[in-house]
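Asker: Before anything else, here's the structure in question.
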Amino acid sequence: MENLIALLVAAPLVGAALLLCGGKRLDRAGHWIGTLLAVASFAVAAVLFADMLGKSAGDRALHQHLFSWIPVGGFRADLAFQLDQLSMTFVLLITGVGSLIHIYSIGYMEHDERRRRFFGYLNLFLAAMLLLVLADNYLLLYVGWEGVGLASYLLIGFWQHKPSAATAAKKAFLVNRVGDVGLSIAIMLMFTTFGTFAFGPVLAATGDTGEGKLTAIGLMLLLAACGKSAQVPLQSWLGDAMEGPTPVSALIHAATMVTAGVYLITRSGAIFNAAPDAQMAVVVVGAVTLLFGAIVGCAKDDIKKALAGSTMSQIGYMILAAGLGPIGYAFAIMHLVTHGFFKAGLFLGAGSVMHGMNDEVDMRRYGGLRRYMPVTFITFGLGYLAIIGFPGLSGFFSKDKIIEAAFAKGGTEGWILGGAALLGAAITAFYMTRVMLMTFFGEKRWDPQEVHPHESPKTMTIPMIVLAVGSVFAGGLFSINDAFVSWLEPVTSFEHGHSPLSATATTTATIVVLLVGAGLAWLMYGRKPVPAVAPRGSLLTRAARRDLLQDDFNHVVLVRGGEHLTRTLVYLDHSLVDGAVNGTAATMGGLSGRLRQLQSGFVRSYAVQMLGGAAVLVAATLLMRGV
Amino acid sequence: MSFPLLTATAVVPAVGAVATAALPAAKRTAAKWVALSFSLATFVLALVIAIRFTPGAKGPFQLTESHAWIADFGVRYELGVDGIAVALIALTALLIPFVILAGWHDADPLEETRPNRRWRPTQGFFALILAVEAMVVISFEATDVFLFYLFFEAMLIPMYFLIGGFGDGAGEHGEEQAATQRSYAAVKFLLYNLAGGLIMLAAVIGLYAATADQLGAGTFSLPQIVEARAAGHLHLGAGTERLLFLGFFFAFAVKAPLWPLHTWLPNAMGESTSPVAVLITAVVDKVGTFAMLRFCIQLFPEASKWATPVILILALISVLYGALLAVGQRDIKRLIAYASISHFGFIILGIFAMTSQGQGGATLYMVNHGISTAALMLVAGFLISRRGSRLIADYGGVQKVAPVLAGTFLIGGLATLSLPGLAPFVSEFLVLVGTFSRYPVIGIIASAAIVLAALYVLVLYQRTMTGPVKAEVRKMPDLRVRELVVVAPLIALLLFLGVYPKPLTDLVNPAVEHTLSVVDKQDPKPDVHVDATTGGSRPGHATHGDDAEAAK
Amino acid sequence: MNSLAAAASTGEAVQFWILGTVAVTGALCTILMKRAVHSALSLAGTMIVLAVFYLANGAYFLGVVQVVVYTGAIMMLFLFVVMLVGVTAADSLKETLKGQRWLAAGLGIGFGILLIAGIGNASLKEFNGLGEANAGGNVQGLAALIFTKYVFAFEITGALLITAAVGAMVLTHRERTERPASQREQSQARVRAGKQVPPLPAPGVYARHNAVDIPGLLPDGSPSELTVNPTLRGRGQIRDVSGEALAELKALEQRSTEWLGRETEPKPPAAQSPTPAEPKEEASK
Amino acid sequence: MNPVYYLYLAALLFTIGAAGVLIRRNAIVVFMCIELMLNACNLAFVTFSRMHGNLDGQIIAFFTMVVAAAEVVVGLAIIVTIFRTRHTASVDDASLMKL
């Protein structure tokens, strides 16, 4: 059975190779090939899943070793896959949502002459992402890690003729690279500490080494996670990443890639469990980000940017949960999955709206669209309810558990974290309601002459419907006698947290803050008409519009500083390093010019020099003999 | 002694050079084909070497040939290859055909020049390339210090003419100034390397004197000296050994540009045609790093240990410095040149980290960097030849008019920033791990270059390939068949070695082990000992075990 | 003489001091004389003295060779060249290169001192003369050595000499670049140049004597320069006899009138041109 | 009297000749001075041969003479050629070496 694992990765990889090298002759069939292979990968995943369900919880993990990849001295990296429950969850999410989004893209990218390449990139992404979650050692994971980075780079910058897109792509890749440095350093640390970096041995041996090293490893892993999952302080790229086509935002920057950080931390749970300080850092990052993202999300008028902010904050939740240790891992993953459903759905909805409004993204130009695109409205609405955690929908279950776990951390930080999580929930409710109201309700703020809103084609609506269904029922399904938790337990070792508040108290609190947030939003955007141009807004609003000045900070400190540094270095290289050399050359030239004077060309002066030389020689010989 | 394979491998290109040069002016195309066929023949021979070579075998060198040459000075014509040499010879023999193909039209005389019996630039160009190949190959093979030195220096002559004689006509201010800059670059290249070479000559003579003094008969033979030192017959005093080491190292540091001796490289690569630039950075400079590994460390282990800290610092500086300057360049080729400086920093870092990962990685790095830079530089050359300018600012939106060119350029770039899955990643990571395991701080600082590399590559790609299409590039044709033939195999190789570098590592490991045994350094042991075989105690572990055996 | 003593006899000492002085003087004259000829001659002198010293040192063959080859051949060669270049060519001894002379003097003296010092502190006390070496005769001894031990050097010097001879010929030989002008062309050139085409008129010839230095007279009795060889003309050795011829004619008329006894009207001495005066003196020369 | 005086004389003559080479401008005279130096050497050789009691010194002197003859022949030929072209025998006028 385990020989099928490679097939998971191979199918989309083959697709990518075909589509990218195939050339024009594949232009007409390209998108079908891509979709087919994605679906094929999903089918394989399903088969494996079924097989896995058949086994007992103990030996569900599969392992496939292809060949020894880099054997140098004690350094052995293998090309080997490992499929346990955690990986399986991701594989299903990736291939499932991935396939849906492939289908969606068929419609969405219909009029793009480079559609073949788009599907090639999508397949490449699937392959890399699957490699990431299937790798059985950190180095191979690193390959997938950078692979998805590349795919995201290519897809964000897919409309390269737009300078903004190209810049965004570059930014995303660079920021991710910063994270990758963290990952590579972590791997090096593992190698020097354990002599290997395969999951099994490393995670087994965490007990045997000092906490300091583990903390270091943990922090480096956290840095990596921050880069990939757009957590503070490396979150700045996610907003710009919305330059890419909407399906990309849905697949990569909402459902799958950005959650890789959560996967990494959960996968390395053993390390974090043994390094409380690192865990604390994780928690803090998560808490900060979930608020940060939420606040940013409130201020954006660009529908996709608003959703991006929300993504950031939701992943903040996951990271927070993952940082809580065994009491949180399962919930982190669970929220990850549900979020995958509803956020992908929301993005696809947004895409469908843009599709209907000829690529207008400013929500202040929307309004009252519910009548024009009912399907989109309904699916989006369901996604909305899911994300704000409306009781009964999937978001409710997963998020509620996380908040509970946050309180369960215990002590003051327990209260702080729980409070933060609650606050986040409130803000989430606020900005999502805002999006909802500005887009689908209120009066038209668009010019009927120019734009003719219309429902999207089947290829687009069907995936939206499926995702909507998922986002409604997934949570409930998972929570039936903790199916999800017990499914993951062999990998992530679950234990019940003891919250100071009772479960019901937490739930009620959640619902209350939810209502407060939504109501507030309704007061501001539902009751009175929304101005078509953004008001100046309060200081916080303006800051939030600029991603809380994070970009400005980067620009001033890193970009400017870097430019100055390089410019000075270029100058120094020319004037100092090279100058030294040329200076020597110049002095030599001058010296030779002086000596040239001796060459008068008169035979007799040469003769004088000869005689002088002879005299010197004679004198030397005499001195040698010691006169 | 059977058929002298190594000699043949060096002789074939030499003969080819003569044959090419001998062709009359009218036979220009013929000259190209002759050169190409000879380079291919050399490649075949290199493959034969790689096959005949048995990695695990006893003794440091194989396929050895040894004949007395200058008996009075103990100079012998001594050839022999270890895994590292085999890898690099294969690289050289592999790259030259591509270089020749890529430079197919670079040396055609201008239309207005009247055909003239004596004026044969094309023949000269290809003959010089082949001559360089011959010399490089033999200096990879030489195990006699003097023999090595001879060709190490002789290489400069054809390189000088290649750099000074042929330009890409894409200068910033017209051809006249380009010519002057070219000759400036050529002279700079020559002087730098001559300076290094002369100092090395002094050291070589010193070595001879030392051996003659202590072994009775002076010798230049590397194996003999290593043996004598191991057996305790040869004790260079610390002072002498350090001086000799510095003499050797200086020459190699110039050749493999190590900060602050690097300034000749950007000029040389910037002014010469891109095939020649590839020749410089991918082939000739490798001799420097290779020689550090083979001669510096093996002849003077103690001194190497003594000098390691300083060298590591310098290497670290060139890693970061080269990357930063690459970011600051306005000229595509100079950018690539500075990138190469950064990569050479990595190579030297790996060599002197004195761990099997470091040195193995460094050797892989030499090969991979050769291929990746060749890919990037050659595509850049195609780009430049289309637009007639080297300035990044003159491009924009090429991706839209020439997607294949852009794609190959991107892949070359990604290889340069050592993206996982492409060959350079393996080597770079190995170097970093190797360095880190002994010098964690240096390792961490060096990994900052990962980000910088991404920065300069992506900035280059963004400025040239993306954005709105510039008027000058609107008519730009996509890659032609010849150019595709040049680039495609390189890219394929990059992918293959990225996914399955095992053949290369199997080739290199024993040689590295031997080098380390000469220096007698062991890899640092991990604090916790877990069974290092991946997969732990999971199913599939067993299978892994067997195929590890099978690989041996 | 064959048994030459290791230490020199008093006679030899006397000879040394006298001739040594001569040699040094000759050398000094060589470098100080203005005219190359004088230098050459004084050098020849020095060489002869050296020849004598060779003999005194038991190098009989060399002594003779010195006289024959050097003084006889080489120095004569010098003299030939000096003549070719011009006997009168005397180069001014004033120095053109700045400080050359002082440098030369200083260096020369210093060098000399060094050499002499060297010789001085070299232990050259014992001389074991050429007694047995010259036993079989100096020439035979040399011959034996030349044709056995130094035979290769000897052959090579032979080659050297031949090369030198060829070289000298090549250097001094002047290649004719253009075709020699034919007679016709020469004559045409002469006409075009307006030179005297027919042979020049002969000098004046009288019954009494016949000399090339007497110009022929033109009808008016004045002498024609053309008739005299240009060399004589250049030297101004023309014996102009026109004057005295007229004078004699006059005297003849005088006597005839006296003889016929007619008085004569006095004639103005117009015909008495001043010219006749100088011819006389010239003639007297 | 000790024959070593011959050597002193030789040294003296040699020095004088050298000085002459440096001082005189007339190529012919310069040549003569060179001859003088050669002769001085010959004298030294001859003296040495007497000193050591074998004829090798004389042989060398003999060869010196031959070489000197050859040299003079060629040298004078050169002088004549130069004189023909530039109508002077001054060594200073042939100062094209500096170009």
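Asker: Give me A:Glu443, A:Glu563 ranked fewest to most by other Cβ atoms within 10 Å of their Cβ, as a rough exposure proxy.
Answerer: If I rank by nearby Cβ atoms, fewest first, I get A:Glu443, A:Glu563.
Asker: Right, next: Just order C:159-171, A:330-342 by mean Cβ neighbour count inside 10 Å, highest at the front, would you?
Answerer: Ranking, from highest mean packing down: A:330-342, C:159-171.
Asker: Could you work out the relative contact order of chain A, using alpha carbon pairs under 8 angstrom and six or more residues apart, expressed as a whole percent? Kindly include the intermediate steps, with their values, before the conclusion.
Answerer: Values: 1031 pairs, mean separation 75.6, N = 627.
After rounding, I find 12 percent.
Asker: How big is the Cα convex hull of chain A in projection, averaged over all directions, in nm²?
Answerer: Value for chain A: 43.6 nm².
Asker: Next up: Order by neighbour count: C:Cys29, B:Cys296, fewest other Cβ atoms within 10 Å first, most last.
Answerer: Working: C:Cys29 16, B:Cys296 25.
Placing the least packed residue first, the sequence is C:Cys29, B:Cys296.
Asker: Further question: So how compact is the stretch A:366-499: Cα radius of gyration and Dmax in angstrom?
Answerer: Looking at the stretch A:366-499, its Cα Rg and Dmax stand at 18.9, 60 Å.
Asker: To continue, here is another question. In whole angstrom, note down how far apart the Cα centers of the stretch B:120-197 and the stretch A:273-312 are.
Answerer: When both Cα centres are located, 57 Å separates them.
Asker: Taking the beta-carbon count within 10 Å as an exposure proxy, list B:Lys525, B:Lys32, B:Lys470 from fewest neighbours to most.
Answerer: Going from least to most buried by this count: B:Lys525, B:Lys470, B:Lys32.
Asker: Here's another thing I want to ask about it. Angle check, please: helix A:411-440 long axis (alpha carbons) against the longest principal axis of chain A (alpha carbons), in degrees 0 to 90, nearest 10.
Answerer: Roughly 80 degrees between the two axes.
Asker: Moving to a separate point now. Counting only other chains, what is the mean number of Cβ atoms within 10 angstrom of the Cβ of each residue in peptide B:495-503?
Answerer: Average neighbour count from other chains, rounded to a whole number: 3.
Asker: So how far, in whole Å, is the C-alpha centre of the stretch C:111-164 from the one of the stretch A:217-234?
Answerer: 95
Asker: Next up: Obtain the nm distance between the two label points defined at B:Thr54 and B:Leu194 by a simple spin-label model: each point lies 7 Å from its Cα along the Cα-to-C-beta direction.
Answerer: 4.8
Asker: Roughly how many debye, to the nearest 20, is the charge dipole of the protein assembly as shown about its Cα centre, given +1 on each Lys and Arg Cβ, -1 on each Asp and Glu Cβ, and no other charges?
Answerer: Magnitude of the dipole: close to 3100 debye.
Asker: First measure r as the distance between the Cβ atoms of A:Val557 and D:Thr81, then evaluate 1/(1 + (r/R0)^6) with R0 = 56 Å and state the FRET efficiency to the nearest 0.05.
Answerer: The calculated FRET efficiency here is 0.10.
Asker: Tell me, what is the FRET efficiency for A:Thr584 and B:Phe3 to the nearest 0.05, using R0 = 41 angstrom and their Cβ-Cβ distance as r? Don't skip to the answer; put the middle values down first.
Answerer: Values: r = 49 Å, r/R0 = 1.19.
Result of the calculation: an efficiency of 0.25.
Asker: Something else now. Taking the Cα centre of each part, how many Å lie between the stretch A:504-573 and the stretch B:292-366?
Answerer: What the calculation gives is 44 Å, centre to centre.
Asker: Can I ask one more? Tell me, what is a quarter of the convex hull surface for the C-alpha atoms of the protein assembly as shown, in nm² with one decimal?
Answerer: 93.3
Asker: OK, next. Under the Karplus relation 6.51 cos²θ - 1.76 cosθ + 1.60, θ = phi - 60°, what is the ordered set of whole-Hz ³J(HN,Hα) values for the stretch A:85-100, x standing for Gly and Pro?
Answerer: Taking θ as phi minus 60°, the curve returns 4, 4, 4, 4, 3, 5, 4, 4, 4, 4, 5, x, 4, x, 4, 3 Hz for the stretch A:85-100.
Asker: Need the list of lysines near A:Lys228 for cross-linking: C-alpha distance under 21 angstrom, and skip anything on the same chain fewer than eight residues off.
Answerer: A:Lys170, A:Lys171, A:Lys304, A:Lys305, A:Lys343
Asker: Search the structure for amide H atoms under 5 Å from the amide H of A:Leu66, placed 1.01 Å from N in the peptide plane, and list their residues when 5 or more places away or on another chain.
Answerer: Amide H to amide H, under 5 Å and 5 or more residues apart or across chains, A:Leu66 pairs with A:Leu79, A:Ala80, A:Phe81.
Asker: Can you give the FRET efficiency for C:Ser224 and C:Leu161, using 1/(1 + (r/R0)^6), R0 = 45 Å, r = Cβ-Cβ distance, to the nearest 0.05?
Answerer: After rounding to 0.05, the efficiency reads 0.20.
Asker: Dimensions of chain B along principal axes (Cα, Å, largest first)?
Answerer: Extents along the principal axes, in whole Å: 69, 62, 41.
Asker: So what is the calculated 222 nm ellipticity per residue for chain B, using -39500 (n - 2.57) for each DSSP H run with n of 4 or more, over all residues, to the nearest 500 deg cm²/dmol?
Answerer: Computed ellipticity for chain B at 222 nm equals -23500 deg cm²/dmol.
Asker: Could you sort C:48-59, B:125-136, A:488-499, B:297-308 so that the peptide with the highest average Cβ count within 10 Å comes first and the rest follow in order? Intermediate results must be reported in sequence, preceding the final value.
Answerer: Values: C:48-59: 24.1, B:125-136: 27.2, A:488-499: 17.3, B:297-308: 20.4.
My ranking of the peptides, most packed first, is B:125-136, C:48-59, B:297-308, A:488-499.
Asker: Additional query: Using all alpha carbons of the stretch C:7-88, what is the percent of pairwise distances in each 5 Å bin, ordered from the shortest bin to the longest?
Answerer: All Cα pairs considered, the percentages come to 3, 16, 21, 21, 17, 10, 6, 3, 1, 0.
Asker: At a threshold of 8 angstrom on Cα-Cα distance, excluding pairs fewer than six apart, so keeping six or more, what relative contact order does the stretch C:7-88 reach in percent?
Answerer: Contact order relative to length: 26 percent.
Asker: Name the residue from A:Ile511, A:Thr459, A:Phe441 whose Cα lies farthest towards the positive end of the charge dipole of the stretch A:431-515, charges +1 on Cβ of Lys and Arg and -1 on Cβ of Asp and Glu.
Answerer: Checked the options; the winner is A:Phe441.
Asker: Next question, about the same structure. Rg and Dmax of the stretch B:366-484, Cα atoms, in Å?
Answerer: In Å, with Rg to one decimal and Dmax whole: 16.3, 54.
Asker: What is the spin-label model distance, in nm, from A:His564 to B:Ala471 if the labels are put 7 Å beyond Cα along the C-beta direction?
Answerer: The modelled label-to-label distance comes out at 3.8 nm.
Asker: Please report, in whole Å, how far the alpha carbons of chain D spread along each principal axis, starting with the longest.
Answerer: Principal-axis extents of chain D (Cα, largest first): 50, 24, 22 Å.
Asker: Which lysines have a Cα less than 16 Å from the Cα of A:Lys213, not counting those fewer than 8 places away in the same chain?
Answerer: B:Lys525
Asker: Could you work out the mean count of beta carbons from other protein chains within 10 Å of each residue's beta carbon in C:149-156?
Answerer: Taking all residues of C:149-156 together, the mean is 2.
Asker: Take every Cα pair under 8 Å in chain B that's 6+ residues apart, average their separations, divide by the length, and report that relative contact order as a whole percent.
Answerer: The value is 14 percent.
Laboratory data are not the source of any read-out in this text; all were calculated from the coordinates shown. In this text the structure is predicted, and so the values were computed from the model without any measurement. All Cβ positions, even for glycine, are placed from backbone atoms using ideal geometry, and neighbour counts span all protein chains on display.
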